[in-house]
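Just so it is clear, none of the values below were taken in a lab; they were calculated from the coordinates. Only a predicted model underlies this, so the values are computations on that prediction, with no experimental measurement involved. In this analysis, Cβ positions are derived from the backbone assuming ideal geometry, glycine residues included, and neighbour counts consider all displayed protein chains.
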């Protein structure tokens, strides 16, 4: 018997003054669905997610959630008014006995529940919103760019959690690796139409290009038909006007059909141009060391950067990636060691905090008010790589329309802010680009264009990113910073780094396992196990590890001597949870031993 959809939208129409965002849109999310929601910036992805969450009321149509189904929504900009700390906000939907879940999720997502809301960054707020959703565990999760502001370790944790969940989810993300790993269906929003493909994100781009190719062929046929009918109208209508007015009306309908077609959004006219060529050797660093508050950021690090290198810096948030780049640029003094710069360096910086953008200024003033872009005596022009351009024309190159030019920067989406910052950078000549998290909020098409631009750029690129796919496509060298002052240089991008790192670990690991080594899946050569038993034997070690981690967190919580007196209900719930998990762990270990013995026999 078929199960009812978790959520169904029927004939949804929505307009925000002007052209419709959606018209007669229908879709359904089934139990267990893992859906990628993709489309260009501004296509309405976040709006559709809010309609699905019930936060935006459509002009027409119905939204129906299955009886008893809870729908959870992760906001990009959560409202934390009335909450003192991030933990207070994240736990606001939980019973008192379930608050320990926030501490467990916080470790995976790397945010501090005790952080004061008033001083928390946008990234910390979004991680708290994601933690709230994960801890509440609704039957349907709606995730809007969940990997933004997460480091690669936190992304890996989130991937593992979503792989294990039985809940359905719809996710908006620009992270190709994340989408490929998790999704089984794709909803593609294109000019107000939502198409569904019963396959995950892998293969989406080929599908999209095929749809567009078919559309172009149909448009070409329509244009040819209009041209032929128009020629007939000019040459033959005068003699047969009365009896052929039906054909004239048909021509008018063909022209109306073509006029009603919505043109696909183009790509931004982006280009980085090298001005003065730098010396062949750009940066030479020897013996760099740096500590803050007794914590070692870097120890005895050497690096030579040559002209044209694309160097990626990877590692957990807070490990010191930006500090290392600033040392290489001469903005931060090392405790020891030396940095030498080559000749004619001209550096341009893309800052993930968007510090170069004043949220109160308009887009127009943001460009014309930049001293490096201002044109003397021309308030409506900007200097773009040595040539004056009208500010509206230049904004259109980056997909902004004329109506947005006088709007404040704070009204822009995250992707639009990134495009505006790129517009400011690309107006200037440079030969060294520093890109700190440039992929946040950009759609996949703009990411592709940025990748191509960097490939053609003749200068040097220093890149910080947590987007594994983008690193693979862009970086020629990866510097991995994993804490304790260690920074290791690897050839290639993210996948190359992971491969080389695995080879190093394998070479340095002892051959014989110690007596406390965790259970490992036995070889499946034994014929004494059924298929189900073999599968169970392989899965049990991960299950035991997960239970052990949960028990450890609960033990830490219960170690608080004030917990019982200050929150007896929380103490009771945590005690019961630990007893339940310990029993499950003991049973899993016994099951593993029994299956392993059976396999060996």
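Results, tabulated for the structure shown:
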| item | result |
| --- | --- |
| Potential lengthening between residue 372 and residue 214 on full extension [0.36 nm per residue; Cα-Cα distance subtracted] | 52.4 nm |
| Percent antiparallel among DSSP beta bridges (both partners in the range 281-504, rounded to 5) | 60 percent |
| Rounded if a/c under 1.5, otherwise prolate or oblate - the range 281-504, Cα gyration tensor axes | prolate |
| Whether the range 362-405 is rounded, prolate or oblate, judged on the alpha carbon gyration tensor where a/c under 1.5 counts as rounded | prolate |
| Inter-label distance, nm, simple model (7 Å from Cα along the C-beta direction), residue 160/residue 593 | 2.5 nm |
| Cα-derived Rg to Rh of the range 531-600, Kirkwood definition | 1.17 |
| Cα-projected label distance for residue 28 with residue 360, points at 7 Å along beta-carbon direction, nm | 5.3 nm |
| 4 °C / 1.567 mPa s Stokes-Einstein diffusion coefficient of the range 7-206, Kirkwood radius on C-alpha pairs, µm²/s | 74 µm²/s |
| Over the range 92-149: Kirkwood hydrodynamic radius from C-alpha pairwise inverse distances, Å | 11.9 Å |
| Neighbour-count ranking [beta-carbon atoms within 10 angstrom, fewest first] of 439, 565 | 565, 439 |
| Ranked list, fewest to most other Cβ atoms within 10 Å of each Cβ, for 73, 497 | 73, 497 |
| Overall dimensions of the range 397-465 by Cα: Rg and Dmax, Å | 12.7, 36 |
| Stretchable slack from residue 16 to residue 81, in nm (0.36 nm times residue separation minus alpha-carbon distance) | 20.7 nm |
| Contour minus Cα-Cα distance for residue 300 and residue 114 (0.36 nm per residue) | 63.5 nm |
| Residues 413, 366 arranged by fewest to most Cβ contacts within 10 Å | 413, 366 |
| Percent antiparallel among DSSP beta bridges (both partners in the range 7-206, rounded to 5) | 50 percent |
